[in-house]
Amino acid sequence: ITGQVNKPGGYSLTAPTTVLQLIAMSGGLMEYADKEHVIVLRNENGKQTSYRFNYKEVAQEKNLNQTVLLQIGDTVLVP
């Protein structure tokens, strides 16, 4: 996880982990983080794909089905 989190860096995921759980593991979002445009970058079949995650909506208990389950090699970017 990189960007506007309190403890950016690589994290070993030993169990199924969602974006929200990884944000919590990294100490949460910093004050000026763009909570509406968190991005998960993933390589699938040799192609780079991205998934959006709106932390603000999830924190307000809206659109809860957008949670992305992380895979090995994913990068989470918090602008």
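Based on this model, can you work out whether Leu22 counts as on the phi < 0 side of the Ramachandran plot and either in contact with a His (Cβ under 8 Å, 6 or more places away or on another chain) or open to solvent by less than 20 Å² (accessible area, probe 1.4 Å) (or both)? It is true that Leu22 is on the phi < 0 side of the Ramachandran plot and either in contact with a His (Cβ under 8 Å, 6 or more places away or on another chain) or open to solvent by less than 20 Å² (accessible area, probe 1.4 Å) (or both).
Being open to solvent by less than 70 Å² (accessible area, probe 1.4 Å), modelled with pLDDT under 95 and not basic (Lys, Arg) is a property that does not hold for Gly27. Taken over region 32-63, the criterion of being closer than 12 Å to Leu20 by Cα, open to solvent by 60 Å² or more (accessible area, probe 1.4 Å) and touching a helix residue (DSSP H, G or I) at 6+ places or on another chain (Cβ under 6 Å) is satisfied by Lys35 alone.
The values are calculated or read from the model by the stated rules, or taken from the named source; none is laboratory data. The shown structure was predicted, so the numbers you read here are calculated from the model rather than taken from an experiment. No Cβ is skipped: glycine too gets one built from the backbone with ideal geometry, and neighbour counts run over all protein chains shown. Just so you know, the surface numbers come from the protein's heavy atoms only, side chains and all, with ligands and any DNA or RNA stripped out. Shrake-Rupley method; radii C 1.70, N 1.55, O 1.52, S 1.80 Å.
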